1. For chain C, with every protein chain kept in place, what is the accessible area per residue (1.4 Å probe, Å²)?
2. Quantify, in whole percent, the carbon and sulfur part of the accessible surface of the protein assembly as shown (1.4 Å probe; protein heavy atoms only).
3. Scan chain A and hand back the longest stretch that contains none of the GluC sites (Glu not before Pro) lying in DSSP loops with at most 15 other Cβ atoms within 10 Å.
4. Out of all DSSP beta bridges in chain A, what portion is antiparallel? Express it as a percent rounded to 5.
5. Which peptide among B:10-17, B:159-166, B:50-57, A:312-319 comes first, and what is the full order, when sorted by highest mean count of other Cβ atoms within 10 Å?
6. List the lysines whose alpha-carbon lies under 26 Å from that of C:K263, not counting same-chain residues fewer than 8 positions away?
7. With a cap of 12 neighbouring Cβ atoms within 10 Å, and only residues DSSP puts in a loop, list the trypsin sites (Lys or Arg not before Pro) found in region C:146-217.
8. Compute all pairwise cysteine Cβ distances in the protein assembly as shown, then list the cysteines with no distance under 4.7 Å to another cysteine.
Amino acid sequence: MSSVAISDLSLSFGSVEVLKSLNLEVDEGEFIVLLGPSGCGKSTLLNCIAGLLDVTAGQIFINGNNVTWDEPKDRGIGMVFQSYALYPQMSVEKNLSFGLKVAGLPKAEVQERVSKAAEILQIEPLLKRKPAALSGGQRQRVAIGRALVRDVNVFLFDEPLSNLDAKLRTDLRVELKRLHQRLGNTMIYVTHDQIEALTLADRIAIMKDGLIQQLDTPAGIYNNPTNRFVAGFIGSPGMNFISGTLEDDAGQWFFAAPDLRIPLNDYAFTGNPTAGQQVEIGIRPEHVVLNDVSEAGFVTLQVEADIVEPMGADTVLWTKLAGNNLTIRTDSESTVKSGDSLSASFNPARASIFAQDGSRV
Amino acid sequence: MAEAVANKMQGPQGPKPKRIISGRNIVLYGFLIVAALYWLLPLYVMVVTSLKGLPEVRMGNIFSPPMEITFEPWVKAWDSACTGLYCEGLKVGFWNSIKILIPSTVISIIIASVNGYALSFWRFKGSEIFFTILLFGAFIPYQVMLYPLVIILRELGLFSSLGGVVLVHTIFGMPILTLLFRNYFAGVPDELFKAARVDGAGFWRIFFQIMLPMSLPIFVVAIILQVTGIWNDFLFGIIYAGTTNFPMTVQLNNIVNSTQGVKEYNVNMAATLLTGALPLIVYFVSGKLFVRGIAAGAVKG
Amino acid sequence: MPSFFRQIEQKTWWKRRPKILRNLSAKIAALPMIAVALVGFVGCSVWSIVYSFTSSKSLPKERFVGFKQYDRLFDSSRWQTSVENVAVYGICSLVFSLVVGFLLAVALDQKIRFENTFRTIFLYPFALSFIVTGLVWQWLLNADFGVAQVIRDIGFTSFELNILSNRDYAIYAIIIAGLWQGTGFVMALMLAGLRGIDQDIWKASRVDGIPAWRTYLFIVIPMMKPVFITTLVIIASGIVKVFDLVVALTAGGPGGSSELPAKYVYDFMFGRANLGQALAASTVMLTTVLIILIPWAYLEFSHKKDSENG
Ligand SMILES: Nc1ncnc2c1ncn2[C@@H]1O[C@H](COP(=O)(O)OP(=O)(O)O)[C@@H](O)[C@H]1O
Ligand SMILES: [Mg+2]
C-alpha cells in the first residue's frame with residue numbers, strides 16, 4: 001500500500017501556477033527526496049501534503065485516506081522546518097509536549113512519548129533548556145523530536161539541514177538516515193542539495209517549474225537522467241555537453257561534431273534516433289579516464305589541458321576537446337599541467353544523448 | 001498505482017470549500033466593521049457639520065447629512081473667524097504654519113542627515129555617548145526644557161519670533177531624525193564607504209555624491225515625519241512664536257475655545273478640518289511610508 | 001590586535017595629525033548634535049532642576065529655598081488631581097490601546113479582504129494633531145447637540161451625556177479622544193510585530209494541532225514581548241507629555257477636574273508666573289520618566305549584549 005499518494009495536484013497563487021497537475025506515489029517506509037532548484041515548488045508541494053496550503057485541484061491520500069480537506073493535525077504527519085520553528089519561550093520538554101497536551105492526551109502518555117523521543121534523539125540532558133540556549137544541531141534535533149512525539153508514520157522535512165554549517169550537516173545527515181532505519185517511517189524530504197538527496201534517498205524526485213522531471217533511485221537519476229535538465233542538475237562538476245548530430249553509417253550510429261566522431265555501438269537508445277538529428281551528448285567528468293584504455297567499448301580522444309584545479313581528494317581538469325569544453329575528474333596524484341596534450345578515454349555506453357527538446361534519445 | 005486510481009475521483013477533491021459566512025468570518029468582519037465605523041464617525045461628523053448652516057446644526061442630528069449644503073462656514077473659518085484678538089480667520093495661522101514648517105523641516109533634516117551619516121561612518125571618541133544623550137532627550141518631558149529654552153532664545157534675540165520656533169523644532173526633531181538616518185546609513189555596506197575612501201573622497205564628497213543619491217526614500221520618510229509633527233505642534237508654537245506668529249493649531253484652538261459670542265459649531269468644524277487637512281493629505285498620499293515614518297518617529301510621542 | 005600592528009602604530013604616532021584634528025569634518029558636522037545633547041538636553045534639564053529649588057517667581061532668581069517648592073507642590077490639590085488624572089489616563093490608555101490595538105492587529109493579520117482600507121481607517125487619526133482631536137470630540141460629546149441629542153432623538157428622551165461638564169467624568173472624555181487618536185498607531189506597531197514572527201511557527205503549531213487562540217496566547221504574545229515593551233515605553237512617555245489634548249477638549253475643566261501635570265507646569269510657568277513651582281513640577285515629571293526609562297534602557301542594553309554573546 002502506498003503511504004502517500006498525490007494525484008493531479010495543482011496549486012496556484014493567484015494567477016501563478018506553482019504546481020501543475022503533479023502525481024507522486026510514495027511507498028510505505030520509503031525515503032523520498034524532493035530535489036530541485038530554489039523556487040521550483042518543493043516547499044509548496046510539501047505544504048500541500050501537510051495541509052498547510054489549500055490545493056487548487058487534485059487529491060492527496062495519506063495511509064489510504066483521502067486527506068485533501070483534512071486539517072494538518074488530522075493527517076497523520078509530522079513536519080520539520082528549515083528555521084526549526086521552535087516555540088522560543090518554552091523549554092525543550094514543553095516544545096515536545098505542547099501539541100500532545102492540547103490534543104488532550106493523558107499525562108503519563110505524554111511523558112512517555114517525550115522521554116522516548118528524547119532518548120532516540122539523545123536530547124535528554126537538554127529537556128529543561130530553552131531553544132535559545134541550544135546550538136543549531138540541537139535545535140534541529142528538538143524540531144525532529146516534535147515530529148517524533150506525534151507518533152505518526154509520515155514525516156515531512158523542509159530543508160532541515162540548510163541552516164547548519166557543513167560539518168554538522170554531514171553528521172545530522174547520517175543521523176537522519178539512522179533514524180529512518182530505526183523507525184521505518186515514510187519520509188518526504190525537501191532539499192536543494194544534491195549530496196543530501198543522493199545519500200539519503202531511496203528515490204529522488206527531481207522537480208522543475210512545478211513538475212516532477214524524474215522519479216527514480218539515486219543511481220537511476222545519476223546514470224540515466226531522463227532529460228537534459230536532470231542530467232545537468234545532478235553531478236558536480238556538472239555533466240559535459242557537446243552539440244552535434246547523429247549519423248547512421250550502415251546500421252552503426254555515430255555522434256558527430258566538427259573534428260569529432262564518437263561511435264555509439266553500446267549506447268542503449270531509449271527514443272527513436274534519426275539520422276542527421278541535432279543532439280547533445282552528455283559525458284560525466286568522472287566517467288572520463290586519462291590515458292589510453294584498450295578495454296572494449298572505450299573510445300580514446302585527444303584533449304588539451306586548460307586549467308588544473310586540485311580539489312584535495314581529486315583534481316578537476318578543464319580541457320578542450322575539438323573546440324568544446326570538457327571537464328575531467330581525475331585523481332589527485334595527477335601531474336597534468338596547463339597546456340599538456342593528453343589522451344582521454346570514456347565509454348559511450350555511459351553517456352547520455354538528448355534531443356533538442358531536452359528529452360533523452 | 002491501481003489503488004490510487006481506484007480511489008481517484010472518490011472523496012474530497014480540489015480546494016476545500018470555504019463558507020463565506022462562517023462564524024469566524026462574522027466575528028472577524030463584524031469586529032473590523034464596527035471598529036472602522038467608530039474610527040470614521042468623527043471625520044464624518046466633522047464634514048457634515050461643516051457643511052450645514054448654523055440653524056440646522058442647532059436643530060438636528062449631528063449624523064444627518066446636511067439638508068442644504070453651504071460652504072459659508074468654510075469661507076468664514078478661513079477668512080473671518082475671530083480668535084478673541086482679531087477676526088481674520090485661519091489664513092493667518094495657515095501662512096504662519098507654512099513659514100514655520102518649511103525652514104524647520106529643511107534645517108532639521110539637513111542637520112540630522114549629516115549627523116546620522118557621521119555617526120555611521122565617521123565615529124569618533126564620544127560620538128556614541130552624545131548620541132545616547134540625544135536619544136534620552138527624545139523621552140524627556142518637554143516641560144523640563146521649556147523655560148531654559150526661553151532664556152536661550154531671549155539671549156539669541158529669537159524669542160517670540162519665527163526663528164525661535166524653527167530653532168526649537170530643529171532641536172526637538174533632532175533625536176528621532178538622527179536615529180532614523182543613523183539606522184539607515186548603518187544598513188549601507190561598509191565596503192562602499194571604504195571604496196570611496198580609497199578613491200580619495202572625503203567626508204563631504206562621500207556624503208553628497210554617494211550617500212545622498214542613494215538615500216532618497218529615507219529623506220521622504222523624514223519629511224513626512226517632520227511635516228506632520230511640526231504642523232501638528234501646539235506647545236512650541238504657543239510659547240515661542242509670539243502672538244503675531246501663532247501657527248494654525250494655536251489659532252484654531254483660539255477660535256474654537258474663545259469664550260466670546262455665539263458658538264458657531266459649523267465654522268469650528270470647518271476650521272478643524274482645514275487645520276487637519278495637510279497632515280491628512282500627507283497621510284493618504286504617502287500610505288506605507290507614513291507608517292514607516294511614524295514607527296521610526298514613535299519615540300517623538 | 002596582533003603585537004606587530006601595535007608596534008607600527010607606536011612608531012608612526014608622531015606622523016599622524018593630532019588627535020583632535022582627525023576626523024575634523026565629522027566633528028564639525030556633529031557639533032549641532034553635541035550642542036543639542038549637552039546644552040539642550042543635559043544643560044536645560046540641570047538648569048530646571050537647580051532652579052526648582054529656588055523661589056523664582058516670574059523671572060529666575062537664585063534664592064534657594066530647599067524643598068519648599070516640592071512641599072507646596074505635593075500639598076497642592078490641583079497637583080494631586082493632575083497626578084490622579086494622569087494615572088487614570090495612563091492606565092486606561094495603556095490597557096485599552098494595547099488590548100484594542102493588538103486585537104485590531106490580529107484581525108488585520110487574518111488574510112482579510114480590504115486590509116489596506118481598514119488599516120488606513122484605523123490609523124488616520126494619528127496624522128491629526130491633539131488640538132484637532134480634542135475639538136472633534138468636544139463637538140461629539142457636546143451635551144446639547146452631540147451624540148447625546150441623537151440618542152434622545154431615537155427615543156431615550158431623558159438621556160444625558162454630560163461627561164465634559166461633569167467633574168468626575170471629564171478625564172474619561174480625554175481618554176476616549178486619546179484612544180481614538182492613538183490606538184491605530186499601537187495597531188501598526190503590533191501588526192509589524194506579528195508580521196515579524198517566523199511564519200514557520202504558525203505552520204508548526206497547525207501541524208501540532210494547536211488552536212489559533214492558544215497559539216496567540218502561549219506562543220505569539222510571549223514572542224512579541226520586545227514589541228510590547230517598546231510600545232509600552234512609547235505610550236508611557238507620550239502620556240506624561242499630554243498637554244494639547246486637555247487644552248483643546250476641556251481646558252482642564254470643569255473646575256480643574258481634568259488638569260494634567262504638563263498643563264500644571266505650563267500654567268504656573270507662563271500663566272501664573274510661579275517659575276519655581278513649575279520647575280519643581282517638571283522635575284517630578286522628569287524623575288517619573290527616568291524611573292520608567294532607565295530599567296527599559298538597561299533591559300534593552302543587556303539584551304543586546306546577550307544576543308551578541310550568544
Ligand atoms: N504565498 C505565496 N504567494 C505567491 N507566490 C508564492 C507563495 N509562496 C511561494 N510562491 C512562489 O511559488 C514558487 C515555489 O515556491 P517554493 O515552493 O517555496 O519553492 P522552493 O522549491 O524553493 O521551496 C516560487 O516561485 C515562489 O515565488
Ligand atoms: Mg523552500
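1. On a per-residue basis, chain C sits at 47 Å².
2. Reported share for carbon and sulfur atoms: 60 percent.
3. The longest uninterrupted stretch comes out as A:29-294.
4. 80
5. B:159-166, B:50-57, A:312-319, B:10-17
6. Partners within reach: B:K263, B:K300, C:K57, C:K61, C:K68, C:K241.
7. Filter output for region C:146-217: empty list.
8. Result for the protein assembly as shown is A:C40, A:C48, C:C44, C:C92, no neighbouring Cys Cβ within the cutoff.
The values are calculated or read from the model by the stated rules, or taken from the named source; none is laboratory data. Please read all numbers here as calculations on a predicted model, not as lab measurements. Cβ coordinates were reconstructed from backbone atoms using ideal geometry, including for glycine residues, and neighbour counts include every protein chain displayed. Side chains included, ligands, DNA and RNA excluded: accessible areas come from the protein's heavy atoms. Shrake-Rupley method; radii C 1.70, N 1.55, O 1.52, S 1.80 Å.
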